[in-house]
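Take a look at the structure below.
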Amino acid sequence: MTRSDSNSSDQSANQDDAVWLDLVSRLEGRDPEAPAGEGSAPSKRPFRDFDPLGLSGAAPTEPSASERQAASHEPLPRPDHAAAGTGPRDYEADDDDPFVPEEPPSLAGTNPLTMLAWLGAVGGPVALVLAAMFWRSAPLMAILGIVAAFVLSVIYLIMQLPQEKDDHDDGARV
């Protein structure tokens, strides 16, 4: 490393420090030329009022304790009086006929093959997990049988899905 390289890095560090001190002094409202330890006087605006874009306008003021206490003793507006700004929570719904869901269909009337397919589709993975946890020495044929039952059950259930879509049915029930 040459002497000029170390000199240039010291100069850039000094320049960076000068820029940083200038920025801090402007944010704190002090004179940038005076060092921080020499009791520099703050300028017109303290840091909390710093607004470089001029968006703040007047700072909000907090009400005094007496104003807050007076506001808490004011009577609340009555619901029968129409307020200037009514919102969605001010609306009361008419519950003349409440919603009653329809009874789900009984499982006793289900096609037995469909019920067996659902049992295979749900029970197959559960049986594989239980066999992996508790029956580590399960024969290969048992594992393959569980996998085959699962695959056949899923294929059967997919084949039972409707093949054509009704153009007038959007899926909503009324």
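I'd like the chymotrypsin sites (Phe, Trp or Tyr not before Pro) in region 94-174 restricted to DSSP loop residues with at most 15 other Cβ atoms within 10 Å, sorted by number. Each step should come with its number before you reach the end.
Values: sites: F99, W118, F134, W135, F150, Y156; in loops: F99, W135.
Those that pass, being in a loop and sparsely packed, are F99, W135.
Could you rank V122, V151, V24 by how accessible they are, 1.4 Å probe, largest area first? Walk me through the numbers before you get to the answer.
On the way: V122 90, V151 70, V24 35 Å².
In descending accessible area the options line up as V122, V151, V24.
The values are calculated or read from the model by the stated rules, or taken from the named source; none is laboratory data. What you see is a predicted model, and the numbers here were worked out from it, not measured in a lab. All Cβ positions, even for glycine, are placed from backbone atoms using ideal geometry, and neighbour counts span all protein chains on display. Just so you know, the surface numbers come from the protein's heavy atoms only, side chains and all, with ligands and any DNA or RNA stripped out. Shrake-Rupley method; radii C 1.70, N 1.55, O 1.52, S 1.80 Å.
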